[in-house]
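Beneath this line is the structure, given in structure tokens, with notes to follow.
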Amino acid sequence: MKRIFLVGYMGAGKTTLGKLLADRLNFEFIDLDLYIENRYHKTVGSIFAEKGEEEFRLIENNMLHEVGEFENVLIATGGGTPCFHDNMEYMNRRGITVYLKTTPEVLHRRLKIAKGKRPLLKGKSDQELMDFICMNLERRSPMYEKSVLVFNADKLDTYEELEHSVNLLA
Ligand code: S3P
């Protein structure tokens, strides 16, 4: 096994869990959003604002194909990564995909305080955020569910819960 791809909605815990898991497995950790930001010297937010989502998805696809060549890496993808282009099929060809599955309620609680840096969520009221998560998650779930492993990621809020999850996955 050379590559692990963590997939799931924004706020599912891909980065938080991914870092710990990569460490435990002695894999390099790559956050796809950060990889894009470093390459383009721009935040994901400004790429969305300046070039639009369609262009961002092209960039994301290109960068995914680049990191998909690396070995012994754990890649935390963006919430939308599996849902555009051939990304989900590509990831399933290149490594082990793990879906961090979460309920809309848990996502809402986490994203309420972390929506600012996410262009798709910015400026939404609590109710709008909940409606958006429910609608968007329902649309995206069939793609996420194509992962080889599905992991319940609702309980990642304390150190103990995180440790427990890492132990289960490692
Ligand atoms: C997105 C998720 C974000 C980032 C971009 C779009 C999405 O990544 O790629 O804002 O479409 O769900 P995170 O899941 O790491 O927040």
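Okay, here's what the table says:
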item	result
Segment 28-170 - percent relative contact order, Cα under 8 Å, separation 6 or more	26 percent
Dipole of segment 3-164, positive direction: furthest Cα of ALA12, SER147, HIS85, with charges on the beta-carbon	ALA12
Cβ-based exposure ranking for SER46, SER165, SER125, in which fewest neighbours within 10 Å come first	SER125, SER46, SER165
GNM flexibility winner over the chain from GLY52, GLY18, GLY78 (Cα, springs under 10 Å)	GLY52
Segment 31-127: equivalent-ellipsoid semi-axes (sqrt of 5 x gyration tensor eigenvalues, Cα, Å)	23, 18, 12
Of every Cα-Cα pair in segment 3-164, the percent that sits beyond 21 Å	44 percent
Alpha-carbon centroid distance for the pair segment 107-125 / segment 1-42, whole angstrom	20 Å
Approximate spin-label separation SER125-HIS65, in nm, with each point projected 7 Å along Cα-to-Cβ	4.4 nm
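No value in this document is a laboratory result; all are computed from the given coordinates. These numbers come from a predicted model, not from an experiment. All Cβ positions, even for glycine, are placed from backbone atoms using ideal geometry, and neighbour counts span all protein chains on display.
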